[in-house]
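The values are calculated or read from the model by the stated rules, or taken from the named source; none is laboratory data. What you see is a predicted model, and the numbers here were worked out from it, not measured in a lab. Positions of Cβ are generated from backbone atoms using ideal geometry, with glycine treated the same way; all protein chains shown enter the neighbour counts. Protein only, heavy atoms only, side chains kept; ligands, DNA and RNA dropped before computing areas. Shrake-Rupley method; radii C 1.70, N 1.55, O 1.52, S 1.80 Å.
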Amino acid sequence: RAKATRRGSHVVFEAAIRQELEHRLTLEGELALAADRGEFELFYQPQVHLIDGSLVGAEALIRWRHPVRGYVSPAEFMPVVNTSALSERIAKWVMETACRQARAWELSGNDVRVAINLSPSQLQSGDLAHSVAALLDETGLTPSLLEIEVTEDILLHDERRVLEMFKRIQELGVRILFDDFGTGYASLSYLKKFPLDGLKIDRSFVFGLLSNSDDAAIVGSTIGLSKQLGLTVVAEGIENRATADLLVSMGCEEGQGYFFGRPMPAEAFEKQFLAELATVSAA
Ligand code: C2E
Ligand code: MG
Ligand code: MG
Ligand code: MG
């Protein structure tokens, strides 16, 4: 009896794996088609000075505008992209789109620092420093208006290679930040070793800031650490005024979150945050 049950569950397990694989292959195929058809878009979320709410930059966040399902979240499809042949192609598209947008805003008199996200697999492929240099050259974007967000997982890869690459990117004048700080493969010694410009405090710690003393301790120490190391610190996931105020009192100067603005299409971002541009184009 026990044997029969085991065999039975084995069959169920196999079916589940097969289904998962089929789902993955379907999604991979759909994503390749989506890239061909230009169904990806970048949304922009404002990043502000917490004290006065003035705009400092924007994080570019990818969306898939599916013809039937509407906007699909990156949480759903980026894990598949990251382990597929599409990874490098999407990274290139994100970099190009964000740089062109940032340059257009710069030319309109709005210096908006645009941050892009690159996953470890995207940092592995090709010569990123070279691509970034070529792109800056081609668009004419001021290098300090481009920021690259990487997760700590990048440190699981060839450390020397990553270190060299970061150095070359920084020498161009492009800034590099650790995203989701405190949630990944972290060792404080890396902060000393790696050429970094800043840290982003993960939203999971910011959500609980007002009610959870552990979260408050983690956020407080991250801010202190950043300051002592001369790094910029950006808090993400700020959903209300009280959280923003508390972050200010803890010494955090920059942040982003639904309280200040959700990720939105470029045109909506311009209308809402780049008042000057709206006046110029309306004139
Ligand atoms: P992330 O880089 O940590 O981006 C911040 C995420 O937090 C975004 O989710 C943003 O919409 C969300 N967020 C911001 N403020 C708030 C808030 O106040 N409340 C809540 N509940 N959420 C907030 P999104 O856009 O769904 O992106 C999820 C993740 O997907 C990103 O996390 C990033 O890891 C990845 N991702 C997004 N775009 C790209 C991309 O172009 N390339 C790569 N490689 N990864 C991307
Ligand atoms: Mg990010
Ligand atoms: Mg983040
Ligand atoms: Mg995060």
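Over region 130-283, Cα pairs under 8 Å with separation of 6+ residues give a relative contact order of 15 percent.
Our estimate of slack between residue 267 and residue 104, defined as 0.36 nm per intervening residue step minus the Cα-Cα distance, is 57.5 nm.
If the chain linking residue 156 and residue 26 were pulled fully straight, counting 0.36 nm for each residue of separation and taking away their Cα-Cα distance, it would gain 43.9 nm.
Per residue, the chain reaches -16500 deg cm²/dmol at 222 nm when only DSSP H runs of four or more residues are counted, each adding -39500 (n - 2.57). Take the alpha-carbon centre of region 21-56, take the same for region 68-88, and report the distance between them in whole Å. Each part's Cα centre sits 8 Å from the other's.
When you filter the trypsin sites (Lys or Arg not before Pro) in region 26-112 for DSSP loop state and at most 13 other Cβ atoms inside 10 Å of their Cβ, you are left with 69. Accessible surface computed residue by residue for region 71-178, with neighbouring protein chains in place and a 1.4 Å probe, gives 42 Å² per residue.
Label sites at residue 216 and residue 12, each approximated as a point 7 angstrom past Cα along Cα to Cβ, lie 4.6 nm apart. Based on Cα atoms of region 67-120, Rg over Rh with Rh as the Kirkwood radius reads 1.07.
Got a number for carbon plus sulfur as a percent of the chain's accessible area, 1.4 Å probe? That share works out to 54 percent. Our Cα-only numbers for region 17-162 put the radius of gyration and Dmax at 16.5, 54 Å.
Taking only the alpha carbons of region 178-271, we obtain Rg and Dmax values of 13.8, 43 Å in that order. Which residue, 159, 236, 96, has the most motion in a Gaussian network model of the chain that connects Cα atoms within less than 10 Å? Looking only at 159, 236, 96, the largest GNM fluctuation is found for 159.
Placing pseudo-labels 7 Å out from each Cα toward the beta carbon at residue 69 and residue 37 gives an inter-label distance of 1.2 nm. For region 3-67, the solvent-accessible area with a 1.4 angstrom probe is 61 square angstrom per residue.
For the chain, averaging the sequence separation of C-alpha pairs within contact (under 8 Å, six or more residues apart) and dividing by the residue count gives a relative contact order of 18 percent. Can you work out the base-10 log of I(q)/I(0) for the chain at q = 0.13 1/Å, using the Debye formula on its C-alpha atoms alone? One equal scatterer on each Cα of the chain leads to -0.96. Legend: residue pairs 92/271; 92/200; 167/192; 200/271; 92/193, Cα-Cα distance threshold 21 Å; pairs beyond threshold, 92/271; 92/200; 200/271; 92/193.
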